[in-house]
Amino acid sequence: MPKMSERLNGFTESIIRKMTRIANKYGAVNLSQGFPDFDPPKEIKEELIKVADEGPHQYEITWGSQKLREALSKKQRKFMGIAIDPNKEIVITCGSTEAMMVSMMTVCNPGDKVVVFSPFYENYGADAILCGAEPIYVPLNPPEFNFDKEELIKAFEQRPKAIILCNPSNPTGKVFTMEELQFIADLAKKYDTFVITDEVYEHIVMKPNKHHYMASLPGMFERTISCSSLSKTYAITGWRIGYVIAPENIIENAKKVHDFLTVGAAAPLQAAILAGINLPDKYYEDLTELYTKKRELFLKGLDEAGLKYTKPEGAYYVMIDISEFTDGSDVEFCEWLAKEVGVAAVPGSSFFKEDVNNYIRFHFAKNEDTLLEAIKRLKTLREKAKLTRI
Ligand code: GLN
């Protein structure tokens with residue numbers, strides 16, 4: 001038989017999605033793969049019913065429906081503070097997952113280097129390998145997950161084509177400060193590097209932290225490729241709608257990659273989500289409040305269970321230090337946790353390039369009842385850990 005692509009040797013299947021299967025196997029509360037167990041706003045569901053009846057059901061314009069591009073450009077102009085041409089500076093994609101892949105393929109040649117902060121959302125490594133690029137990892141050092149400026153400078157000295165910036169960050173919950181962003185921006189300008197952002201948690205930032213868009217920093221729009229998604233903002237992770245915002249010369253090429261990869265995002269869903277984009281600004285304030293409450297509830301539970309964590313500033317993840325329970329594999333710990341305690345987490349090692357095995361990631365995008373059940377079970381962790389060798 002002929003051999004299959006060697007590209008695939010560089011990465012494994014998604015550990016996040018594997019953990020969901022393990023959660024289901026043991027009937028564990030699934031705090032691994034980050035998705036809500038609550039519905040999108042009723043306005044969106046009602047619109048979906050209407051669209052089922054009235055259409056569209058056929059292909060949309062490949063780079064996204066005119067109405068959605070216009071609505072998104074208007075919304076993002078308000079939040080990003082920059083005018084975005086709906087015809088030339090935005091492409092609608094199948095989630096931020098496709099947006100990131102399209103961005104990488106648009107700017108990278110095989111052999112190009114790409115800076116990735118570690119720990120990182122697992123797709124970035126696979127994206128880099130799939131387009132033949134070579135990642136340069138720069139650690140975000142636990143427990144605060146800050147980077148060392150000298151290490152970042154050294155990475156830029158290798159003349160990378162792009163840096164990937166997940167802000168607010170998955171898995172750490174870090175929100176980059178203006179000073180950090182400015183430092184990255186200055187290096188990107190100095191070394192003529194693109195910045196590819198993943199900002200899917202842009203509306204989930206707990207006060208007093210604030211989300212700053214890299215594209216809005218002075219002189220950065222021309223070299224920033226902003227990727228985001230509607231999944232987390234409107235609790236529609238299964239709809240797979242995302243977008244890329246960038247200057248016209250980049251979008252021209254991104255459109256080509258997108259067209260040949262997927263043709264386009266689902267037409268009926270592009271129509272139905274307009275009801276979400278057109279929600280008043282209060283929706284985003286309420287969303288921040290909702291997630292702040294969930295964070296407080298969950299962190300209080302972790303305190304009661306005596307677990308050590310780094311307080312997230314944004315997104316809906318929290319990293320737990322498990323070193324007091326095991327000095328073995330975090331993967332085995334997560335399997336044990338799902339089976340014996342009944343709560344599923346993602347092993348931290350699936351996010352770190354470095355040899356770090358003492359973290360696991362929970363997410364808290366769940367209803368209060370689900371979080372309370374998880375906390376109840378987590379309170380048994382300490383006792384159960386004493387009885388078992390993990
Ligand atoms: N972004 C989510 C997470 O990190 C979902 C990942 C996925 O399965 N697409 O858990």
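With the condition kept exactly as written, say whether any residue in region 83-99 is within 16 Å of the ligand (Cβ to nearest atom), under 14 Å from Ile241 (Cα atoms) and of a type in the set (A, V, I, L, M). There is at least one residue in region 83-99 that is within 16 Å of the ligand (Cβ to nearest atom), under 14 Å from Ile241 (Cα atoms) and of a type in the set (A, V, I, L, M). Restricting the search to strands (runs of 3 or more DSSP E) fully inside region 203-311 and requiring at least 1 residues that are among the basic types (Lys, Arg) gives 308-310.
Within region 322-390, considering only helices (runs of 4 or more DSSP H) that don't extend past its boundaries, which have at least 3 residues that are charged (D, E, K, R) and farther than 18 Å from Ile16 by Cα? I'd like the intermediate steps shown before the answer.
Numbers: elements: 330-336, 368-378, 381-387.
So the answer is 368-378, 381-387.
Contact map, region 30-50: residues that are free of Cβ contacts under 8 Å to residues at least 60 places away in the same chain paired with residues that are surrounded by fewer than 20 Cβ atoms within 10 Å (Cβ to Cβ), Cβ distance under 8 Å, separation 6+ or inter-chain. Pairs shown: Lys45/Asp39. Under 6 Å between Cβ atoms, at least 6 apart or on separate chains: pull out the pairs that start in region 231-247 with a residue that is charged (D, E, K, R) and end on any residue that is more than 11 Å from the ligand (Cβ to nearest atom) and assigned to a loop (DSSP other than H, G, I, E, B). As it stands, the answer is Arg240/Cys94, since those pairs meet every condition given. Pairing residues of region 105-131 that are in a strand (DSSP E or B) with residues that are within 13 Å of the ligand (Cβ to nearest atom) and not small (Gly, Ala, Ser), at Cβ distances under 6 Å and at least 6 apart in sequence or on separate chains, gives Val116/Tyr124.
Just one of the listed residues (Lys149, Lys161) is in contact with a Ser or Thr (Cβ under 8 Å, 6 or more places away or on another chain), modelled with pLDDT of 95 or more and basic (Lys, Arg), namely Lys161.
When we screen Lys256, Lys311, Lys294 for residues that are within 16 Å of the ligand (Cβ to nearest atom) and of a type in the set (D, E, K, R), the only hit is Lys294.
The residue of region 186-219 that is nearest to Leu72 (Cα to Cα), among those that are surrounded by 22 or more Cβ atoms within 10 Å (Cβ to Cβ) and among the small types (Gly, Ala, Ser), is Ala215.
Within the option set Ile84, Ile92, Ile61, being surrounded by 19 or more Cβ atoms within 10 Å (Cβ to Cβ), in a loop (DSSP other than H, G, I, E, B), of a type outside the set (D, E, K, R) and in contact (Cβ under 8 Å) with a residue 60 or more places away in the chain holds for one residue only, Ile84.
Asn24 satisfies every condition listed in (1) part of a helix (DSSP H, G or I); (2) crowded, with 16+ Cβ neighbours inside 10 Å; (3) modelled with pLDDT of 95 or more; (4) touching a strand residue (DSSP E or B) at 6+ places or on another chain (Cβ under 9 Å) except (2). If the condition is being more than 18 Å from Phe352 (Cβ to Cβ), modelled with pLDDT of 95 or more and surrounded by fewer than 19 Cβ atoms within 10 Å (Cβ to Cβ), then region 311-329 contributes only Lys311.
Please determine, by comparing only the residues of region 143-165 that are part of a helix (DSSP H, G or I) and of a type outside the set (Asp, Glu), which one is surrounded by the most Cβ atoms within 10 Å (Cβ to Cβ). Restricting to residues being part of a helix (DSSP H, G or I) and of a type outside the set (Asp, Glu), the top hit is Ala155.
The values are calculated or read from the model by the stated rules, or taken from the named source; none is laboratory data. Note that the coordinates shown come from a computational prediction; the quantities given were computed from them, not determined experimentally. Note that each Cβ is placed from the backbone with ideal geometry, even for glycine, and that neighbours are counted across all protein chains shown.
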